[in-house]
Amino acid sequence: MPQAGHATSPAGMPGRVALSAVEEAARMDAVRRYDILDTPPDGAFDRVAAMAARLFKVPVASVTIVDEDRIWFKAAHGLDDVSEIGREPGLCGSAVLADEILVIPDTLTDPVACSNALVTGPMGVRFYAAAPIITGDGHRLGTVNILDTRPRLITEDDTATLADLAAIVLDEMEVRLAALNALRAEQERRREQEEARQRAERDKSAIEAFASTLQRTLLPPALPVVPGLELACHYATASPQNVGGDFYDVFPLDGKRWAFFLGDVCGKGPEAAALTSLTRYTLRAAALIAPDPDVVLTSLNTALLLDPAIGSRFCTAVFGVLEPHEKEGFIVTVATGGHPPTYHLRHSGAVEAVQPKGGMLIGAVDGAHFASLTVHLAPGEGLLLYTDGLTEARTLGGDMIGEEGLTRFLAARTGPVSAAEVVGDTVGLIDAMPHGVGDDVALLALSVPLADAADGLTATATAHTIAPAGETPESRP
């Protein structure tokens with residue numbers, strides 16, 4: 001039945017009293033433990049906010065973390081250019097004072113919420129509900145909120161759904177924390193090994209520190225714009241009921257270098273999603289510290305073996321570093337771990353497999369070896385990375401496309417390579433398969449545009465994301 005709810009504030013609601021100084025200090029210790037404040041946008045948290053807005057049909061939803069003197073938005077749907085607000089009583093500031101869900105059907109009738117800036121300001125919030133994000137040891141880190149500009153009621157099932165969304169946020173933070181702890185443990189182990197090698201006068205390279213900040217889970221919400229480079233991607237799961245295990249990303253390393261990766265984890269469902277999240281965080285963190293591709297894959301292999309929750313699961317991946325060539329194009333250094341080859345597409349139509357020898361499965365055995373090689377990506381050329389769902393797609397005769405079939409398909413292309421066109425054509429190849437695909441498919445293409453003949457300038461880099469499976473080619477951007 002509908003729950004009227006009550007406005008809550010430190011002074012206005014039984015069971016919700018202001019935290020003592022000791023309790024607030026312990027709560028802030030828990031917030032800092034997750035190292036989440038002021039981190040970049042993250043696809044997983046953004047999806048929770050978007051899902052909350054869609055489920056409850058409200059214009060605004062957010063995931064917030066309550067800091068000492070502010071409410072910081074980790075994700076916000078329907079709020080533009082708002083990253084934080086003051087920690088005023090009445091809304092989020094009150095929602096972290098108790099374990100139950102806070103529901104304010106009409107903020108103007110609430111003695112505390114009515115004076116909140118979100119209520120009195122341009123937004124004119126009239127309805128507010130929030131579920132606290134509660135750690136296993138009872139600390140309330142922040143809230144998952146829904147807001148509307150008109151009064152409304154919600155049901156018990158609605159409040160349960162909001163609580164579930166808050167639990168999902170906590171689960172994501174726990175995965176993130178587990179990966180961070182694994183990296184810190186590995187950093188400490190490598191530091192001790194380096195000290196031992198130095199004492200034994202072993203002449204080996206120093207091992208750099210691992211990153212302490214992890215970013216984004218599963219798939220990035222959009223590809224970045226890389227000067228002088230065109231990017232395109234595609235992702236489709238074999239079944240909408242299963243969480244896929246394919247992943248990809250492109251991100252900056254420093255002022256001129258960029259990193260990219262694409263891979264596939266073993267299995268499907270929640271366990272595969274957790275492994276994907278750990279893998280992406282580990283690859284990003286390791287690359288920011290030591291961007292040597294084979295070292296990055298070695299670090300990932302160690303991190304997966306250190307986590308007992310992973311069990312016998314493993315993954316395959318391609319990891320590369322882009323650096324502008326001194327004359328034109330890019331120098332690309334690529335390492336693989338048990339993954340199908342990357343294809344280097346030439347202006348002439350030639351197709352070359354880029355696959356360093358010795359790349360083993362990642363997370364399967366201790367001491368796995370990885371190798372890398374370097375290619376020059378010149379203007380008019382491109383790279384195609386893919387997961388094996390592509391080559392395992394079957395033709396009308398029941399035969400898999402295979403690497404030979406994919407090579408023939410790519411070699412039929414002529415003229416300058418465009419990442420968007422390569423991905424679009426490859427998606428067309430998949431769509432033409434009479435039986436569809438039996439596994440997830442992820443594609444990532446990179447290309448260097450030719451210089452503009454009119455003014456001699458390199459074409460502006462653009463990023464293209466191809467629509468997921470199920471949409472028609474005409475509906476794709």
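Just so you know, all these numbers are worked out from the coordinates, no wet-lab data involved. Since the structure is predicted, the reported quantities are computational estimates derived from the model, not experimental observations. Don't worry about glycine lacking a Cβ; one is built from the backbone with ideal geometry, like all the others, and counts go over all protein chains shown.
Can you tell me the order of 409-421, 120-132 when each peptide is scored by its average per-residue count of other Cβ atoms within 10 angstrom, highest first?
Output ranking for 409-421, 120-132: 120-132, 409-421.
Given the Cα-Cα distance of residue 117 and residue 25 and 0.36 nm per residue of separation, how much length would full extension add, in nm? Net length gain for the segment: 30.5 nm. Net charge of the neighbourhood of residue 162, taken over other residues with C-beta under 14 Å away and scored Lys/Arg +1, Asp/Glu -1, is -4.
Spin-label pair residue 366-residue 164: with each label point 7 Å from Cα along the Cα-Cβ axis, the two points sit 4.2 nm from one another.
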